[in-house]
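The values are calculated or read from the model by the stated rules, or taken from the named source; none is laboratory data. Keep in mind the model is a prediction, meaning the values are calculated, not measured. We place every Cβ from the backbone using ideal geometry, glycine too, and count neighbours over all the protein chains shown.
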Amino acid sequence: MDEKSIGNEEVFYGPRPILGSDGGIDMGTYTIEYDRSKCIGAANCVAIAPDTWELAKDGLADCKLTNFDEKVLQKNLDAATGCPTHAIVIKDENGKPLV
């Protein structure tokens with residue numbers, strides 16, 4: 001993860017960490033690759049996996065996290081298959097696309 005400083009804020013580029021079950025940082029086993037330029041704002045992903053997806057002010061989806069564990073795998077697979085423009089790709093720990 002790259003860290004850059006803008007004014008008084010620190011901005012992180014790359015996968016956003018999530019909290020593991022022990023309260024520590026867990027980068028997760030699976031990753032989401034999201035091409036926002038393909039998003040048309042159908043919001044299927046938001047309806048299916050609201051803990052992962054949200055609608056931004058411009059009406060397009062934003063991904064709240066890019067790494068996750070098996071507990072939320074099925075919801076994220078469903079969100080990816082529900083995307084009408086195929087903007088979401090779920091990959092396993094080896095980088096192999098699952099959807």
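Quick notes on this one:
- Entry remark, the range 69-90: residues being under 13 Å from Glu33 (Cβ atoms) and either at pLDDT below 95 or polar (S, T, N, Q) (or both) number 1 in total.
- Of all residue pairs spaced 6 or more apart or on separate chains, those with beta-carbon atoms under 7 Å, a first member in the range 41-54 that is exposed (fewer than 15 other Cβ atoms within 10 Å of the Cβ) and a second member that is among the small types (Gly, Ala, Ser) and assigned to a loop (DSSP other than H, G, I, E, B) are Gly41/Gly59.
- Residues that are exposed (fewer than 12 other Cβ atoms within 10 Å of the Cβ) and under 13 Å from Ile40 (Cα atoms) within the range 86-96 comprise just one, His86.
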